[in-house]
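The values are calculated or read from the model by the stated rules, or taken from the named source; none is laboratory data. This one's a predicted model, so the numbers in the text were calculated from it and none came from an experiment. In this analysis, Cβ positions are derived from the backbone assuming ideal geometry, glycine residues included, and neighbour counts consider all displayed protein chains.
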Amino acid sequence: MNELNGKVALVTGASRGIGQAIATRLAAKGATVIVHYGTDADGATATVGEIERAGGTALAVQAELGVDGDVDQLFAGIEEGLAGRPLDIIVNNAAAQPAGPLGATTRAAFDHLFAVNVRAPYFIVQHALPLLRDGGRIITISSVATRMANPAQTSFAMTKGAIETMTLTLANELGVRGITVNAVAPGATRTPANASVFEAPGLAGFIAGSTALDRLGDAGDVADVVAFLASDAARWITGQVIDASGGLFLGPRT
């Protein structure tokens, strides 16, 4: 069912992993997808190629987030590619990875984390609003790290907490235009890019055993939630953080 026919979606960090899965899922539902990437040109080309082979439409736009001029560069590419067409869906997926525990985090790493995970999504939305049609969708990828105490991810969780606050306040501000603003919070999600992490002895089993649905997540699990929020079926949902973790760390299983 091509429920997103005629829509244009921007997905940041769409060259691999969850972002790639989101881009291909939105395209499968009929959207034209702008595939943003930072440095992985081959991955972005692969995402566009997968979409086009399936009969969809996509274009790649490069901009390294977290540096001066990042959002200006991104939107210069977007506006050139759109050639006057508006945007309908923004998915802020690109993110820097956790910088380590408090004792190991450097100021430079901390600043980079916030530049990519908080500043970039904020100003992407700011730049996008004149292009975003009334009734549009803004979806940002958060993390279950905001509801758990993980000392190795304090600064990372702080960035995602900021994103969730942004989601709430923008939903209130933009609702008069019919624009919904939501966040999706994945848990442990295995992708080709991070598969080696879950090869540590016992880790995958431990996480699955701590998840209500008894398995690791995959990128498609998250992409389906994003696609739902992008659809008309989610028109009455805004200002929410949707947990897409399969029930990670909800409590004892027995």
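Being surrounded by fewer than 16 Cβ atoms within 10 Å (Cβ to Cβ) and either in a helix (DSSP H, G or I) or out of contact with any Lys or Arg (no Cβ under 9 Å at 6 or more places or on another chain) (or both) is the filter here, so list the residues in region 207-219 that pass it.
Hits for region 207-219 are Gly209, Leu213, Arg215.
Can you find a residue that is aliphatic (A, V, I, L, M) and free of Cβ contacts under 8 Å to residues at least 24 places away in the same chain anywhere in region 98-106?
yes
Go through region 82-101 residue by residue and tally those that are over 16 Å from Ile18 (Cα atoms), out of contact with any Lys or Arg (no Cβ under 7 Å at 6 or more places or on another chain) and surrounded by fewer than 17 Cβ atoms within 10 Å (Cβ to Cβ).
4
Looking only at region 125-149, how many residues end up being surrounded by fewer than 19 Cβ atoms within 10 Å (Cβ to Cβ) and assigned to a strand (DSSP E or B)?
The total comes to 3.
Restricted to region 57-71, and to residues that are in contact (Cβ under 8 Å) with a residue 40 or more places away in the chain and part of a loop (DSSP other than H, G, I, E, B), which residue is surrounded by the fewest Cβ atoms within 10 Å (Cβ to Cβ)?
This residue is Val67.
Taking the conditions exactly as written (modelled with pLDDT under 95 and under 18 Å from the mean Cα position of the chain (by Cα)), does Pro121 satisfy them or not?
No: the conditions fail for Pro121.
Identify, from the list Ala157, Ala95, Ala104, the residue that is in a loop (DSSP other than H, G, I, E, B), under 28 Å from Ser210 (Cβ atoms) and either in contact with a Cys (Cβ under 8 Å, 6 or more places away or on another chain) or modelled with pLDDT of 95 or more (or both).
The match here is Ala95.
Among the numbered criteria (1) closer than 20 Å to Glu80 by Cα; (2) under 17 Å from the mean Cα position of the chain (by Cα), which single criterion is violated by Leu26?
(1)
Please go through region 1-56 and pick out each residue that is farther than 16 Å from Thr140 by Cα, in a strand (DSSP E or B) and among the small types (Gly, Ala, Ser).
If the condition is that a residue be farther than 16 Å from Thr140 by Cα, in a strand (DSSP E or B) and among the small types (Gly, Ala, Ser), then no residue fits.
Can you name the number of the only condition in (1) in a loop (DSSP other than H, G, I, E, B); (2) surrounded by fewer than 15 Cβ atoms within 10 Å (Cβ to Cβ); (3) among the β-branched types (Val, Ile, Thr) that Thr238 fails?
Of everything listed in (1) in a loop (DSSP other than H, G, I, E, B); (2) surrounded by fewer than 15 Cβ atoms within 10 Å (Cβ to Cβ); (3) among the β-branched types (Val, Ile, Thr), Thr238 misses just condition (2).
Somewhere in region 237-250, is a residue modelled with pLDDT under 95, over 16 Å from the mean Cα position of the chain (by Cα) and within 14 Å of Ile18 (Cβ to Cβ)?
Checking region 237-250: not a single residue is modelled with pLDDT under 95, over 16 Å from the mean Cα position of the chain (by Cα) and within 14 Å of Ile18 (Cβ to Cβ).
Could you tell me which of the residues Ala223, Ala193, Ala185 is in contact with an Asp or Glu (Cβ under 7 Å, 6 or more places away or on another chain) and within 22 Å of Ala95 (Cβ to Cβ)?
Ala185
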